[in-house]
Amino acid sequence: MTGSPGAAGAAGAVLLRGGSVLDADGEQVRADVLVEGGTVRAVGTDLPVPAGAHVVACDGRLVMPGFVDAHSHGGSLVFDEQVQLALLRQGVTTIVTGQDGVGPAPGDGSYADTYFAAIDGPHPTYRGGGIDGLLATYDGTTPLNVATLVPAGTVRHQVMGDESGPATADQLAAMRALVREGLAAGAVGLATGLDYVPGLFADTDELAVLCAEVAAADGLYVSHMRGGYEGNARAGLDEIADIVRASGVRAHVSHLHAPVDLAVTALDELAASGAPMSFDAYPYSRGCTILSMLLLPAALARPGTDDLALAIADDAGRTQVRGAVLDRVLTRADLGTGWAEQITLSHVPAAEFHALQGRTLAEAADATGTDPVDLALDVLVDSDLQVTAVMRVPRPRTADELAPLFRLAGHTAGSDGIFVGTHPHPRAYGTFARYLEDFARTGRLSWLEVQQHLSTTAVERLRLGRRGVLEPGAVADLVVVDPERVTAGSTYDQPMRPAEGIDDVLVAGVPVLVDGRLTHATPGAGLRRHERW
């Protein structure tokens with residue numbers, strides 16, 4: 001090596017020498033990549049070494065544009081070195097936050113820190129200032145880039161609190177103003193979570209009005225669809241299509257975790273009808289969310305209140321709530337009979353129940369000598385509802401079955417990664433490496449398709465600037481992949497093992513991962529939506 005990573009600042013030079021890049025036909029061709037001033041300066045063979053350049057020997061490895069996690073819950077935890085390492089070891093250089101309609105801004109962050117604490121974790125420095133203030137917290141403070149969506153649930157909560165009814169004209173005008181302000185500050189679009197409080201109270205007309213603001217700014221409408229995915233995906237997709245037609249917005253479906261044949265057919269039909277959608281999806285069958293959303297009626301699913309505790313304070317109340325829980329789980333297409341064996345406790349902050357993390361509700365109930373419903377209610381009360389759970393599906397999809405979904409032109413990679421808790425879903429630590437391992441290496445997708453889906457498409461849809469391509473003038477967010485060694489180390493039993501096979505990563509031309517270790521450089525930024533990408 002010549003020079004040092006520390007010397008390769010924004011104006012320094014880095015030469016990635018002796019590796020391969022993908023040409024327009026998807027062939028791996030030998031090429032050096034020269035980076036100067038934070039951008040790719042040249043791609044070619046036997047490029048000269050600039051004086052003082054940091055040289056990375058890339059023999060046998062593939063240089064690719066940095067990956068974009070189009071659906072991340074790491075925005076408040078990206079300052080943590082363990083989270084940084086988990087992402088960079090997968091080749092992720094940019095994450096997109098504000099997902100599922102909940103995020104720190106607008107407001108002072110207290111709503112997100114309460115309701116989504118078990119998913120996003122608390123932001124360490126944001127205390128207000130809107131989307132502009134939130135994005136500023138990432139400028140020069142982290143090795144990764146962070147983009148954000150305007151979270152529609154947080155917007156509604158700012159204006160209406162926990163009201164469940166339709167918005168009045170004045171309330172809708174106030175929400176439109178907050179959305180418009182967030183987009184002007186650089187948010188890449190608007191996100192809804194239509195199974196979460198208060199997003200589930202917003203009707204289609206309200207969402208279409210807000211999306212008209214998004215369309216005017218050429219932002220993206222990103223939606224966790226209403227009513228679940230396994231048994232109700234078509235209804236959710238149809239509602240998004242109605243919003244597209246009413247507002248003219250470009251739309252994107254969050255974590256499209258649905259039967260593959262249904263998803264492929266529905267997306268093709270909607271595109272043919274004039275409502276094309278992009279989407280993110282991850283190569284795992286199990287999902288993960290807050291336990292209160294799975295089990296409780298909306299009226300009891302508000303953290304920071306005593307609603308649930310009061311509702312189960314006496315035997316009659318507990319019996320009524322138990323019935324409501326059973327009605328929910330037994331009628332869900334992805335749970336049903338045997339539901340307690342399919343839900344694994346992921347994050348439980350209550351000290352009394354902390355040891356139950358990593359066990360199914362059925363196992364935890366056996367261990368504590370109680371019933372799964374009663375145990376779940378007690379865990380939720382003692383944890384102020386801040387509990388997450390991993391859910392199995394009745395029939396997991398194989399990589400061969402998922403490949404047609406991932407091959408669709410609108411597909412982007414999104415981990416839906418949650419880093420809170422001691423037993424998270426392995427997707428947070430493994431999604432992008434698993435794409436490379438199970439789809440590119442096996443030939444289910446070509447390396448060029450994977451590059452497009454893990455990087456280029458998300459950059460284009462989200463207007464993230466000149467990223468996602470490896471050509472002169474592009475921002476030098478780059479990863480060096482060992483095609484034969486890249487492996488997702490995380491599993492459901494050991495979910496926090498980092499990926500292997502990506503040891504060198506640059507962000508804005510600065511080495512942030514060298515030989516698999518953090519350099520502690522912080523060239524990352526809060527990415528603002530670009531007029532032209």
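The values are calculated or read from the model by the stated rules, or taken from the named source; none is laboratory data. Keep in mind that what you see is a predicted model, and the values were worked out from it rather than measured. When we count neighbours, we look across all protein chains shown, and the Cβ atoms used for this are built from the backbone with ideal geometry, even at glycine. When the accessible area is computed, the model is the full protein with side chains, heavy atoms only, and any ligands, DNA or RNA have been set aside. Shrake-Rupley method; radii C 1.70, N 1.55, O 1.52, S 1.80 Å.
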Hits in segment 64-84 (condition: among the aliphatic types (A, V, I, L, M) and either farther than 30 Å from GLY219 by Cα or under 16 Å from the mean Cα position of the chain (by Cα) (or both)): VAL68, ALA70, LEU77, VAL78, VAL83
Selection from segment 484-500 of residues that are in contact with a helix residue (DSSP H, G or I) (Cβ under 7 Å, 6 or more places away or on another chain) and either of a type in the set (Ser, Thr, Tyr) or within 15 Å of LEU62 (Cα to Cα) (or both): VAL486, THR487, SER490
Single condition THR344 does not satisfy, out of (1) of a type outside the set (D, E, K, R); (2) without any contact (Cβ under 8 Å) to a residue 60 or more places away in the chain; (3) open to solvent by 10 Å² or more (accessible area, probe 1.4 Å): (2)
Check on SER254, open to solvent by less than 20 Å² (accessible area, probe 1.4 Å) and modelled with pLDDT of 95 or more: yes
Tabulated pairs, segment 228-239, first assigned to a helix (DSSP H, G or I) and among the acidic types (Asp, Glu), second at pLDDT 75 or above and open to solvent by 20 Å² or more (accessible area, probe 1.4 Å), C-beta under 9 angstrom, 6+ apart or interchain: GLU239/THR204; GLU239/ARG226; GLU239/GLY227
Index of the failed condition, ARG328 passing every other in (1) under 25 Å from ALA263 (Cβ atoms); (2) surrounded by fewer than 17 Cβ atoms within 10 Å (Cβ to Cβ); (3) touching a Gly at 6+ places or on another chain (Cβ under 9 Å); (4) not polar (S, T, N, Q): (3)
Count of residues meeting criterion [within 28 Å of the chain's Cα centre (by Cα), farther than 11 Å from GLY107 by Cα and open to solvent by less than 70 Å² (accessible area, probe 1.4 Å)] in segment 157-172: 4
In segment 403-421, residue nearest to GLY74 (Cα to Cα) [restricted to those that are assigned to a strand (DSSP E or B) and touching a Pro at 6+ places or on another chain (Cβ under 9 Å)]: GLY417
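Given the criteria open to solvent by less than 40 Å² (accessible area, probe 1.4 Å), at pLDDT below 95, hydroxyl-bearing (Ser, Thr, Tyr) and in contact with a strand residue (DSSP E or B) (Cβ under 8 Å, 6 or more places away or on another chain), does TYR221 qualify?
no
Within segment 199-206, can one find any residue that is buried (at least 21 other Cβ atoms within 10 Å of the Cβ), at pLDDT 95 or above and not basic (Lys, Arg)? Full working, then the answer.
Residues of segment 199-206 that are buried (at least 21 other Cβ atoms within 10 Å of the Cβ), as a first pass: 199, 202.
Applying the additional criterion that residues be at pLDDT 95 or above yields 202.
Pick out the ones that are also not basic (Lys, Arg) and you get 202.
So far as segment 199-206 goes, yes, one or more of its residues are buried (at least 21 other Cβ atoms within 10 Å of the Cβ), at pLDDT 95 or above and not basic (Lys, Arg).
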